[in-house]
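Just below is one structure, and these are the notes that go with it.
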Amino acid sequence: MLRLFSRSHEKCDGISNADVHTIIGYDFAKVSSMATPSTNRSLSIRSNHRRNGSQTASTKRTGFSFNSLRGNVQPELSRKLYRIIKSENNLITAHETAGRERISIATQLSEWGEQTNDAAVSDVSDKVGVILSELGEQEDQYAHSLDDARGVLKHIRNTEKSVQPSRDGKDKIADEIARLKMKEPQSARLVVLEQELVRAEAENLVAEAQLTNITRQKLKEAYEAEFAATIERAEKQIILAKHGRRLLQLLDDSPVVPGDMRPAYHHAQQARQILNDAEDDLRDWRPEQDDYTVDASDSVSNTKGKQNMVRDDDADIVAGSVPGNRTVQGNDDASIVSNGTRQSEAVATH
């Protein structure tokens with residue numbers, strides 16, 4: 001959730017802090033796939049930073065745990081995917097850290113602008129801090145989406161772990177049969193082992209089919225969710241960045257000579273409206289419904305067409321390499337030309 005804290009001391013354009021809260025108090029609702037309770041927010045991020053500083057620390061992800069040692073005892077079949085999931089966890093932590101740092105920078109920027117004793121710099125830096133803070137919240141939301149996608153990949157890993165014993169059991173029985181055939185070809189245990197091998201192969205066949213189905217389904221589901229979250233994060237960042245640039249245009253950076261006074265700052269209301277516009281744009285954002293379909297029949301027909309073209313070219317090359325065929329082709333070409341000439345002459349005669 002975006003933490004937008006109320007300004008405690010500053011006045012802009014003759015409007016006091018109490019008037020600002022009376023006129024423009026609102027909920028800067030975050031557009032998110034997760035249902036979250038609404039929180040009263042204002043258009044500044046300064047005064048409550050000290051009170052809420054401890055809240056950000058409580059959201060940090062846990063560090064080392066003995067669970068991290070599990071990678072050393074993973075079955076061979078699921079070991080690589082386990083490492084991918086572990087790396088995804090590191091990526092999630094990095095995005096969460098980036099989001100917290102962005103919010104911290106936003107607060108520092110706002111507090112710095114307040115102590116400049118420049119009304120324009122103070123107001124613009126505070127409003128830019130609001131935009132930066134929301135960018136940090138978008139980063140945190142993206143991290144949660146990555147975590148959800150990571151959870152989907154765990155279904156594949158767990159299925160791989162369940163299939164590994166089936167493979168090992170089948171291979172063990174097959175090795176035992178091969179060993180007995182070498183040492184005791186007439187052993188009565190061979191019949192029992194062969195029956196066990198049939199059952200093990202049947203069980204493994206079912207497990208392998210389940211693994212294939214789960215792998216395709218969950219791989220598609222996981223990265224579909226990740227790509228959708230990436231698009232949402234990028235488009236919302238674009239929205240916020242554009243409104244941030246609008247805020248910067250309110251700051252007059254034309255140089256003044258020593259002794260001259262800068263014009264009074266009269267854009268506080270416009271700055272508040274820009275934040276309202278940013279809020280509205282985030283609320284109104286909707287994902288585009290993309291339709292990516294693959295027609296298998298087209299790919300098969302295209303492949304067949306290419307194969308037929310290759311066959312025709314090969315046939316022409318082989319036929320052209322025979323001397324008799326070259327003469328026939330030359331005669332045919334001559335007859336075509338002569339026939340064409342006769343036809344044109346006949347048309348001219350008529």
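The values are calculated or read from the model by the stated rules, or taken from the named source; none is laboratory data. Note that the structure is predicted; figures quoted are calculated from it, not measured. All Cβ positions, even for glycine, are placed from backbone atoms using ideal geometry, and neighbour counts span all protein chains on display.
Quick one: in the range 125-166, of everything that is over 20 Å from I103 (Cα atoms) and among the hydroxyl-bearing types (S, T, Y), which residue is surrounded by the fewest Cβ atoms within 10 Å (Cβ to Cβ)? Looking at the filtered set, the residue picked out is S162. The condition (being under 30 Å from I85 (Cα atoms), among the basic types (K, R) and modelled with pLDDT of 90 or more) is satisfied by just one residue among K242, K236: K236.
Conditions tested, residue by residue: (1) closer than 30 Å to D281 by Cα; (2) charged (D, E, K, R).
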residue: T93; (1), (2): yes, no
residue: R100; (1), (2): yes, yes
residue: E111; (1), (2): yes, yes
residue: Q115; (1), (2): no, no
residue: S122; (1), (2): yes, no
residue: Y142; (1), (2): yes, no
residue: L153; (1), (2): no, no
residue: L180; (1), (2): no, no
residue: R189; (1), (2): no, yes
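Going by the conditions given, is S104 within 25 Å of Y265 (Cα to Cα), touching a helix residue (DSSP H, G or I) at 6+ places or on another chain (Cβ under 9 Å) and polar (S, T, N, Q)? Steps first, answer last, please.
Numbers: within 25 Å of Y265 (Cα to Cα): no; touching a helix residue (DSSP H, G or I) at 6+ places or on another chain (Cβ under 9 Å): yes; polar (S, T, N, Q): yes.
Spelling it out, it is not the case that S104 is within 25 Å of Y265 (Cα to Cα), touching a helix residue (DSSP H, G or I) at 6+ places or on another chain (Cβ under 9 Å) and polar (S, T, N, Q).
Restricting attention to the range 238-255, the residues that are in a loop (DSSP other than H, G, I, E, B) and either acidic (D, E) or in contact with a Lys or Arg (Cβ under 6 Å, 6 or more places away or on another chain) (or both) total 2.
Residue by residue, here is whether (1) of a type outside the set (A, V, I, L, M); (2) outside any helix (DSSP H, G or I); (3) surrounded by fewer than 18 Cβ atoms within 10 Å (Cβ to Cβ) holds:
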{"position": "V192", "(1), (2), (3)": "no, no, yes"}
{"position": "R199", "(1), (2), (3)": "yes, no, yes"}
{"position": "V206", "(1), (2), (3)": "no, no, yes"}
{"position": "Q210", "(1), (2), (3)": "yes, no, yes"}
{"position": "N213", "(1), (2), (3)": "yes, no, yes"}
{"position": "E221", "(1), (2), (3)": "yes, no, yes"}
{"position": "E226", "(1), (2), (3)": "yes, no, no"}
{"position": "I231", "(1), (2), (3)": "no, no, yes"}
{"position": "K236", "(1), (2), (3)": "yes, no, no"}
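The set of residues in the range 146-193 that are more than 22 Å from I84 (Cα to Cα) and of a type in the set (A, V, I, L, M) comprises I173, A174, I177, A178, L180, M182, A188, L190, V191, V192, L193. Out of the residues in the range 244-262 that are under 15 Å from V130 (Cβ atoms) and without any contact (Cβ under 8 Å) to a residue 60 or more places away in the chain, state the one that is surrounded by the fewest Cβ atoms within 10 Å (Cβ to Cβ). Result: R245. The residues on offer are V163, V121, and the sole one that is modelled with pLDDT of 90 or more, in the same structural domain as R216 (by TED's automatic domain parsing), part of a helix (DSSP H, G or I) and among the aliphatic types (A, V, I, L, M) is V121.
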